[in-house]
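The values are calculated or read from the model by the stated rules, or taken from the named source; none is laboratory data. Quantities reported herein were computed from a predicted structural model and do not represent experimental measurements. Here the Cβ positions follow ideal geometry from the backbone for every residue, glycine too, while neighbour counts run over all protein chains shown.
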């Protein structure tokens, strides 16, 4: 009885610590990231133009926050699978296959829908991830699982994936704020009710290289802070799902995170001003509805009654592994450069000697 009480306290402490950390980060980010200086993190010279002038690659905070979001999501996934004694190799195999599919899908779907080769879509990547996840689990079981002697319960893995995705995308919205993409409608074009709701809480972006500026000329205008709303909704939903998971309610956790994220994606697009393809109902909204129905079907097929509660300490200890730490560092670096090297902005760098300091 005492052990159960300590486990419950640890679960609640774990959730509260993450909640407080995220709220502090969000408070800073919502006030800071719309500013112009929080788009470009640095420039790398790669081609010499004259004796002192170079053309540069711009590395963005968009890549930084996406890298942080993905690594955090992976950590949460490994903690949850580790808490169920799922072998580390099984979790890493699932993640590797899923990321290998979702990374290119983010750009491919954006190109197909928006006809833009230099943009990406989290909505499209999440749709492909939801559709592919059950089959990736099955493939892992019949390949690596058969060779190494493990079998992953689809219900548990799907719940862990959905929770990790929800939390990761919550943090990932900070990337959108810093780059000025996925922006909301200007309050000047909204109803009196919307204006009243967001009178005090809105975003004003600055900087001509932010997407909201060069795509719709909305820099300097008050817009609906849709990225911030999404970040808060997803983070709270992810934490609620994580708590349900740690209590043993895997199917409920999966369904909760799935429904909230996909239905919010459908609704939130009515508050957005960025281009989402043609039609009053976008392809992304249709994909979200299909993903929701598909996920509910998978949840019904894979349903199992509540079994024993996971062991959070066992899950946390799974992270303290050299292989995991190296994997996480490599993942952060790859994600940062893959998503952080700007394709729509460029820079000129003047490198010279300061004679007075010689």
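Does residue 172 qualify as being surrounded by fewer than 24 Cβ atoms within 10 Å (Cβ to Cβ) and in contact (Cβ under 8 Å) with a residue 24 or more places away in the chain?
no
Would you be able to say whether some residue in region 93-114 is in a loop (DSSP other than H, G, I, E, B), closer than 25 Å to residue 343 by Cβ and either touching a strand residue (DSSP E or B) at 6+ places or on another chain (Cβ under 6 Å) or at pLDDT below 80 (or both)?
Within region 93-114, none of the residues are in a loop (DSSP other than H, G, I, E, B), closer than 25 Å to residue 343 by Cβ and either touching a strand residue (DSSP E or B) at 6+ places or on another chain (Cβ under 6 Å) or at pLDDT below 80 (or both).
Just a yes or no: is a residue in region 334-348 within 30 Å of residue 207 (Cα to Cα), surrounded by 13 or more Cβ atoms within 10 Å (Cβ to Cβ) and without any contact (Cβ under 8 Å) to a residue 60 or more places away in the chain?
Looking through region 334-348, at least one residue is within 30 Å of residue 207 (Cα to Cα), surrounded by 13 or more Cβ atoms within 10 Å (Cβ to Cβ) and without any contact (Cβ under 8 Å) to a residue 60 or more places away in the chain.
Of all residues in region 186-208, which are surrounded by fewer than 20 Cβ atoms within 10 Å (Cβ to Cβ), in contact with a strand residue (DSSP E or B) (Cβ under 7 Å, 6 or more places away or on another chain) and touching a residue at least 40 places away in the same chain (Cβ under 8 Å)?
Scanning region 186-208 gives 186, 204.
From the set of residues in region 269-298 that are surrounded by 13 or more Cβ atoms within 10 Å (Cβ to Cβ) and more than 22 Å from the chain's Cα centre (by Cα), which is modelled with the lowest pLDDT?
281
Check residue 37 against each of (1) part of a helix (DSSP H, G or I); (2) over 16 Å from the mean Cα position of the chain (by Cα); (3) closer than 29 Å to residue 245 by Cβ and name the one condition it does not meet.
All conditions are met except number (3).
Given the criteria buried (at least 19 other Cβ atoms within 10 Å of the Cβ) and at pLDDT 90 or above, does residue 211 qualify?
yes
Would it be correct to say that residue 303 is surrounded by fewer than 18 Cβ atoms within 10 Å (Cβ to Cβ), within 22 Å of the chain's Cα centre (by Cα), at pLDDT below 90 and in a loop (DSSP other than H, G, I, E, B)?
The answer is no for residue 303.
I need the full set of residues from region 8-24 which are surrounded by 12 or more Cβ atoms within 10 Å (Cβ to Cβ), within 24 Å of residue 61 (Cβ to Cβ) and either over 19 Å from the mean Cα position of the chain (by Cα) or free of Cβ contacts under 8 Å to residues at least 24 places away in the same chain (or both), in order please.
Once the filter is applied, which keeps residues that are surrounded by 12 or more Cβ atoms within 10 Å (Cβ to Cβ), within 24 Å of residue 61 (Cβ to Cβ) and either over 19 Å from the mean Cα position of the chain (by Cα) or free of Cβ contacts under 8 Å to residues at least 24 places away in the same chain (or both), region 8-24 yields only 23.
So which of 236, 263 ends up being surrounded by fewer than 16 Cβ atoms within 10 Å (Cβ to Cβ) and either modelled with pLDDT of 90 or more or within 21 Å of residue 65 (Cα to Cα) (or both)?
Exactly one residue qualifies, and that residue is 263.
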